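Engineer: First the structure, then my questions, so here it is.
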Amino acid sequence: MRRNSSVLVALVLCGLPLVSARGGDDPQRSFPLTPGTYWIYRGLVRSSVQGSTIGKVTPVTWKMSVVRVVQRNGVVAVVISGFPGDLDWSDGDAKPQLSILIRTQDAKFYLNSPTDGGDTLRQLDNPTYPLGDLVNEDDWFLQLPLAEGRKFCDQEAMERDDGQYCWVTGPPHPAALGGAKGVAPGKRVAYSVEYMTNPDDVEFDFVPGVGLTSYGYHHHGTIADTELHLVEFHSSSDSGH
């Protein structure tokens, strides 16, 4: 990616029943990010093949996991292995990479992928390094609690009339979890968050207390698509999900 009480009220107003997940009504805990927590997704990757208008479809099973968490001065840095975007523009054979997910005190989330040979990761070991320096407005992709119409992007994109180049939150809807292992049976609410540009679009579903339950990337020209859906969830801090 380049990227609770309010939720409960929205559910009541919409008439959607909810099975509560521990921490699901707390913006700071609604995205489970304790070391050892992991998500397993299944889906497919479409890639281009010379001379083909259909391309190649590769089934994939993908694991995203929390490797490490560092907290200083109200800012939390979470080392993530295998964010779904690692599969974009691959043939389905991509290897999980390390990314850093930053959570600020106002429950904003920023995602960046270290490209400096590990210098950013090493800064996490420096007790004097201000984690706030890792925050980049271009990496903002989520803020909790979610609500229809919320947007996450820089000020220039925020002012666009077409909604492009900005993460935009859709209306609440019943989560399609399909009996994902590790998630208690029952109906939950999900929000779709989408980022659209002229050449491509990215979207994911977020379920409070579970996290990302689907991920999609679609290029509008050369064939490059990623489609993932959650099939298994394990929280290191709560086996009751």
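The values are calculated or read from the model by the stated rules, or taken from the named source; none is laboratory data. What you see is a predicted model, and the numbers here were worked out from it, not measured in a lab. Reconstructed Cβ throughout: ideal geometry from the backbone, glycine too, with neighbour counts over all protein chains shown.
Engineer: Sort through ASN136, ASN126 and tell me the only one that's modelled with pLDDT under 95 and closer than 22 Å to TYR165 by Cβ.
Structural biologist: Answer to the selection: ASN136.
Engineer: Tell me the residue from VAL202, VAL193 that is in contact with a Ser or Thr (Cβ under 8 Å, 6 or more places away or on another chain), aliphatic (A, V, I, L, M), under 19 Å from MET64 (Cα atoms) and assigned to a strand (DSSP E or B), please.
Structural biologist: So the residue among VAL202, VAL193 that is in contact with a Ser or Thr (Cβ under 8 Å, 6 or more places away or on another chain), aliphatic (A, V, I, L, M), under 19 Å from MET64 (Cα atoms) and assigned to a strand (DSSP E or B) is VAL193.
Engineer: Also: Given the criteria assigned to a loop (DSSP other than H, G, I, E, B) and surrounded by 21 or more Cβ atoms within 10 Å (Cβ to Cβ), does GLY221 qualify?
Structural biologist: No.
Engineer: Say whether the condition of being part of a strand (DSSP E or B), among the β-branched types (Val, Ile, Thr) and in contact with a helix residue (DSSP H, G or I) (Cβ under 7 Å, 6 or more places away or on another chain) is met by at least one residue in segment 57-64.
Structural biologist: Scanning segment 57-64 turns up at least one residue that is part of a strand (DSSP E or B), among the β-branched types (Val, Ile, Thr) and in contact with a helix residue (DSSP H, G or I) (Cβ under 7 Å, 6 or more places away or on another chain).
Engineer: Looking at segment 205-218, which of the residues that are part of a strand (DSSP E or B) and aliphatic (A, V, I, L, M) is surrounded by the fewest Cβ atoms within 10 Å (Cβ to Cβ)?
Structural biologist: Applying the filter and picking the extreme gives LEU212.
Engineer: May I ask you to list pairs of residues, at least six apart or on different chains, whose Cβ atoms are under 7 Å apart, with the first in segment 224-241 being within 16 Å of SER214 (Cα to Cα) and of a type in the set (S, T, N, Q) and the second being surrounded by 21 or more Cβ atoms within 10 Å (Cβ to Cβ) and modelled with pLDDT of 95 or more?
Structural biologist: What qualifies is THR226/VAL45; THR226/PRO84; THR226/LEU87; THR226/TYR215; THR226/TYR217.
Engineer: So, in segment 99-156, how many residues would count as being within 13 Å of the chain's Cα centre (by Cα), polar (S, T, N, Q) and more than 16 Å from SER192 (Cα to Cα)?
Structural biologist: The total comes to 2.
Engineer: Of the residues in segment 150-179, how many are part of a strand (DSSP E or B) and of a type in the set (A, V, I, L, M)?
Structural biologist: 1
Engineer: Another one. Among all residue pairs at least 6 apart or on different chains, which show Cβ distances below 7 Å where the first residue, located in segment 158-170, is at positive phi and the second is assigned to a helix (DSSP H, G or I) and small (Gly, Ala, Ser)?
Structural biologist: Hits for this filter: TYR165/ALA157.
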